[in-house]
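Visitor: Once you've had a glance at the structure underneath, I'll fire off some questions.
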Amino acid sequence: MSKAKFTTLDSLSLQSIDEDAELIPLMTPEDEEEINNENLPEVLPILPLRNTVLFPGVVIPITAGRDKSIQLLNDANNGSKTIGVVSQKKEEVENPSIKDINKIGVVARILRVLKMPDGNTTVILQGKKRFNVAEVVTEDPYLSAKINEVPETRPDKDSEEFGAIIESIKDLALDIINKSPNIPSEASFAIKNIESNSFLINFVSSNLNLPVEEKQKLLEMSNLKDRALATLKFMNVEHQKLELKNVIQSKVQSDMSQQQREYFLHQQMKTIQEELGGVSHEDEVEEMRKRAKSKNWDEKVGKHFDKELAKMQRMNPQVAEYSIQRNYLDLFLDLPWNKFSEDLFDLKRAKKILDRDHYGLDDVKDRIIEYLAVLKLRNDMKSPILCLYGPPGVGKTSLGKSVAEALGREYVRISLGGLRDEAEIRGHRKTYIGAMPGRIIQSLKKAGTSNPVFVLDEIDKLAMGNQGDPSSALLEVLDPEQNSEFHDNFLEMGYDLSKVMFIATSNSLNTIQPALRDRMEIINVTGYTIEEKVEIAKRHLLPKQLKEHGLDATHLKIGKAQLEKIIEGYTRESGVRGLEKQIAKVVRYAAKNIAMEEEYNIKITNEDIIEILGSPKLERDKYENNDVAGVVTGLAWTSVGGDILFIESILSKGKGNLTITGNLGKVMKESATIAMEYIKSNANELGINPDIFEKYNVHIHVPEGATPKDGPSAGITMLTSLVSLFTQRKVKKSIAMTGEITLRGKVLPVGGIKEKILAAKRARIKEILLCEDNKRDINEIKPEYLKGLTFHYVKEMSEVLDIALTNAKVKNAKKL
């Protein structure tokens with residue numbers, strides 16, 4: 001059932017009259033009898049209704065807006081107050097004729113007429129009897145027609161079936177009123193107090209939520225019992241709809257209550273955050289949206305950001321995923337999308353900066369200047385992937401910082417030593433709690449530009465763990481053909497790394513994955529000569545240490561001779577890291593005396609160095625006499641640069657066994673075996689009695705047994721040592737050698753020549769014996785590095801022996 005409504009005759013909308021519930025009369029059987037006995041007039045003015053049907057006995061308010069309708073109501077109200085009310089067939093007809101209205105209507109009495117402020121007229125009508133339009137009398141100024149009464153067929157008063165129908169209608173009507181929030185409670189009072197069965201049926205039918213056509217059909221039913229059954233049927237349908245609606249509303253109300261509770265709590269939390277100086281969820285989203293407008297990203301990135309921001313806006317701030325999503329969007333906003341620093345193309349300035357910060361390293365500096373020159377000419381060039389390869393302490397990492405300053409770019413350093421998780425490079429997926437981007441993306445965020453200088457430090461010390469291979473993840477980073485769309489798992493978007501200048505540093509190439517090594521341009525950063533170390537100490541190390549210890553040049557002076565003594569007697573390295581530590585000790589000595597107000601020599605002497613640093617620890621490496629047969633100086637390459645080593649051989653009574661000691665690797669042991677077999681097969685040419693090999697055991701030892709040694713370059717050194725032992729001939733003074741040997745008697749080239757040359761100079765070696773194919777390596781070394789050295793280039797083992805051994809016998813030579 002619906003609530004009572006105003007019914008419009010024109011386009012005015014329906015309006016509720018809940019407050020006018022007193023207009024619903026409680027018709028008694030006596031009133032009904034009086035109406036039934038009343039005679040109808042022959043002609044009545046006909047009032048067409050657009051959207052309702054009037055039933056006998058029912059009171060309804062009607063708003064009239066059409067001029068004809070207003071005139072009809074005014075004339076009737078001043079006259080008999082009786083009119084005929086008929087519903088229109090089509091609501092949209094503005095000026096209905098006899099064919100546009102239904103034939104069956106209800107005679108109505110005007111109870112009250114009200115003038116509305118908007119010019120319309122509201123009238124309250126009460127239905128009486130049904131009639132049939134017989135003949136139209138007039139159509140102007142309004143419709144009038146002759147009518148015939150249409151009587152109703154009523155069942156017997158004692159009919160139990162009809163009585164049951166009436167009771168069902170009452171009960172169902174009361175249930176509908178109780179369950180419907182839209183029907184005023186006064187309606188239940190009216191239902192309970194209706195005594196007339198016909199009025200009850202008409203009252204309920206009038207208030208059903210039915211179309212005009214269905215209500216007209218109910219009105220046209222002459223049999224009251226049939227009308228009651230039809231009304232009960234419609235009431236059942238409405239009752240079921242109402243129950244279903246209440247169930248749905250109950251569920252929705254429960255959800256809404258929960259949402260309202262959460263909203264209330266969120267509002268409280270928002271207020272608390274604002275009081276504490278925080279930012280609310282909505283303010284945070286709006287702030288991100290404002291920041292996004294200033295970003296210089298392309299359409300694809302912008303769409304992705306908007307999508308992810310909308311996702312965050314829908315999230316509950318209390319869930320764990322919310323913080324990940326917020327961090328994700330913060331990263332998007334902090335990354336320097338398409339933001340580049342302007343390169344400085346002043347090559348002379350760049351060269352001054354490189355020369356200022358690094359003494360020597362001319363090959364590396366020339367390569368940087370070449371890169372800048374090409375970049376200046378093209379103004380569009382993919383950055384190269386440089387790998388500075390060399391021993392520790394030679395300035396590989398600090399060189400990257402100087403390159404960044406020379407280019408005018410931001411400087412970023414990433415230490416890769418011991419890294420064993422692929423996610424450190426590529427980042428974690430957002431599905432994991434605590435997810436974060438990889439170091440590449442994090443460093444770009446830190447740099448603030450998309451073209452910084454990246455120093456990938458210790459790239460040779462990457463490890464492989466259970467979480468993947470980080471060196472394989474670096475392949476995409478360092479491949480110029482792929483890194484324009486570098487994919488980070490956390491970012492979920494390709495990022496352009498093609499403008500980044502990557503500089504990797506490495507102590508060894510052997511541990512770098514071959515595919516990764518292939519993508520880099522290897523630049524060999526060799527060690528320094530003694531002269532270079534002295535200059536580096538004067539220009540960089542000493543001023544740096546004085547500043548770090550709160551002193552200046554007036555508090556301490558170290559001459560070149562003293563610096564050279566520190567270098568030769570207290571350091572053995574290719575770089576200058578150990579030298580800096582020794583200089584720091586000297587500076588601390590001065591700082592202590594100044595703080596304690598004690599006298600000291602401002603200009604350090606050799607005696608002061610011995611007092612501060614102790615006795616020289618490395619003098620033994622510079623001198624080995626040649627008075628003992630079988631001792632030869634070799635040249636070796638180590639992880640800290642070039643070094644010298646001594647190979648000793650000795651004979652003892654036995655059965656010709658060969659023993660090799662000194663913590664040697666497989667390759668080095670094989671070199672000793674090759675040398676021994678060569679000597680045996682060429683004993684006559686070498687002047688050696690073959691019987692010696694069966695009567696004596698041979699023991700070869702390389703000192704410093706705690707240090708692992710391996711490689712083929714000691715081959716000619718072992719050969720010379722054994723021949724010197726068997727022939728008891730002296731080895732030349734101040735000679736060193738390096739080279740691989742074969743069973744055919746050939747000498748093969750080896751690597752690390754420059755480092756070995758520098759080690760020889762540190763050890764005061766005068767002559768160096770090399771394979772002829774290594775001559776090209778010597779030609780690449782600066783002439784000043786070779787000053788004071790004599791080189792012998794050989795192809796055959798016989799040449800090695802002719803140059804290295806003298807004809808003089810050693811003192812107390814054994815008789816073999």
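Visitor: For segment 631-809, just say rounded, prolate or oblate: build the C-alpha gyration tensor, square-root its eigenvalues into a ≥ b ≥ c, call rounded for a/c under 1.5, and beyond that prolate if a/b exceeds b/c, oblate if not.
Guide: Prolate, since a/c reaches 1.5 and a/b exceeds b/c.
Visitor: Could you check the spin-label model distance between A561 and S250? Points 7 Å from the Cα along Cα→Cβ, value in nm.
Guide: Label-label distance for A561 and S250, simple model: 10.8 nm.
Visitor: Once the Cβ-Cβ distance between D156 and E214 is put in as r, and R0 is 30 Å, what FRET efficiency do you end up with, to the nearest 0.05?
Guide: About 0.60, to the nearest 0.05.
Visitor: Count the net charge of all other residues whose Cβ sits under 13 Å from the Cβ of L40, scoring Lys and Arg as +1 and Asp and Glu as -1.
Guide: Charge balance near L40 sits at +2.
Visitor: Also, I was wondering about something else. Taking the alpha-carbon distance from K544 and a cut-off under 15 Å, which aspartates and glutamates remain once sequence neighbours fewer than 8 residues away in the same chain are dropped?
Guide: D357, E535, D552, E580
Visitor: Just rank K348, K170, fewest to most, by other beta-carbon atoms within 10 angstrom.
Guide: The most exposed by this proxy come first: K348, K170.
Visitor: Antiparallel DSSP bridges in segment 631-809: what percent, to the nearest 5?
Guide: For segment 631-809, the DSSP antiparallel bridge percentage is about 55.
Visitor: Additional query: Suppose we keep just the alpha-carbon trace of segment 345-403; what are its Rg and Dmax in angstrom?
Guide: That works out to 11.8, 35 Å for Rg and Dmax.
Visitor: So how compact is segment 530-613: Cα radius of gyration and Dmax in angstrom?
Guide: For segment 530-613, the Cα radius of gyration and maximum Cα-Cα distance read 11.9, 38 Å.
Visitor: What are the semi-axes of the equivalent ellipsoid of the chain, taken as the square roots of 5 times the eigenvalues of the Cα gyration tensor, listed largest first and rounded to whole Å?
Guide: Ellipsoid semi-axes (Å, largest first): 116, 30, 23.
Visitor: If we count other beta carbons within 10 Å of each Cβ, what is the order of V628, V93, fewest first?
Guide: V93, V628
Visitor: Summing +1 for each Lys or Arg and -1 for each Asp or Glu, what net charge is found among the other residues whose Cβ lies under 15 Å from the Cβ of N657?
Guide: Within the 15 Å Cβ shell, the charges total +3.
Visitor: Give the relative contact order (percent, whole number) for the chain; include only Cα pairs under 8 Å separated by 6+ residues.
Guide: So the answer I get is 7 percent.
Visitor: To check you understand DSSP bridge types, tell me what percent of the beta bridges within the chain (both residues inside) are antiparallel, rounded to 5.
Guide: 55
Visitor: Shape verdict for segment 503-575, please, from the Cα gyration tensor: rounded (a/c under 1.5), prolate (a/b greater than b/c) or oblate.
Guide: prolate
Visitor: Given 10 °C and 1.306 mPa s, how large is the Stokes-Einstein diffusion coefficient of segment 319-365 in µm²/s, with Rh as the Kirkwood radius over Cα pairs?
Guide: For these conditions, the coefficient is 108 µm²/s.
Visitor: Compute the length gained on full extension between V319 and D334: take 0.36 nm times their separation in residues and subtract their Cα-Cα distance, giving the result in nm to one decimal.
Guide: That pair, V319 and D334, stretches by 3.0 nm at full extension.
Visitor: Only Cα pairs under 8 Å and at least 6 apart count here; give the relative contact order of segment 29-149 as a rounded whole percent.
Guide: Numbers: 245 pairs, mean separation 39.4, N = 121.
It rounds to 33 percent for segment 29-149.
Visitor: With r as the distance between the Cβ atoms of H487 and E611 and R0 = 56 Å, compute the FRET efficiency 1/(1 + (r/R0)^6) and round to 0.05. Kindly include the intermediate steps, with their values, before the conclusion.
Guide: Numbers: r = 61 Å, r/R0 = 1.09.
Taking R0 as 56 Å, the efficiency between E611 and H487 is 0.40.
Visitor: Taking only DSSP H segments of four or more residues, each worth -39500 (n - 2.57), what value at 222 nm results for the chain once the sum is divided by all its residues, to the nearest 500 deg cm²/dmol?
Guide: -13000 deg cm²/dmol
Visitor: Shifting gears a bit: Could you compute the net charge surrounding K179? Neighbours are other residues with a C-beta less than 13 Å from the C-beta of K179; K and R count +1, D and E count -1. All intermediate terms of the calculation are to be shown ahead of the outcome.
Guide: Numbers: positive: K241, K245; negative: D171, D175, E238, E243.
Cβ neighbours under 13 Å give a net charge of -2.
Visitor: Also, quick follow-up: Based on Cα positions only, what radius of gyration and what Dmax would you give for segment 340-468, in angstroms?
Guide: 16.6, 51
Visitor: N524's amide H: which non-local residues (gap 5+, or another chain) put their own amide H closer than 5 Å, with H modeled 1.01 Å from N in plane and none for Pro or chain starts?
Guide: Answer set, sorted by chain and number: Y389.
Visitor: log10 I(q)/I(0), Debye, Cα-only segment 29-149, no solvent, q = 0.20 Å⁻¹?
Guide: -1.14
Visitor: Right, something else. Shape of segment 652-729 from its Cα gyration tensor (a ≥ b ≥ c, root eigenvalues): rounded if a/c is under 1.5, otherwise prolate when a/b > b/c, or oblate? Don't jump to the answer; show the numbers that get you there.
Guide: Working: a/c = 2.16, a/b = 1.64, b/c = 1.32.
It comes out prolate by the Cα gyration axes.
Visitor: Rounded to two decimal places and with Rh computed the Kirkwood way over Cα pairs, what is Rg over Rh for segment 68-137?
Guide: 0.97
Readers should treat all values here as calculations from the given coordinates under stated rules, not as data from a laboratory. Everything quoted here is computed from the prediction, not taken from an experiment. Here the Cβ is made from the backbone with ideal geometry for all residues, glycine too, and neighbour counts use every protein chain on show.
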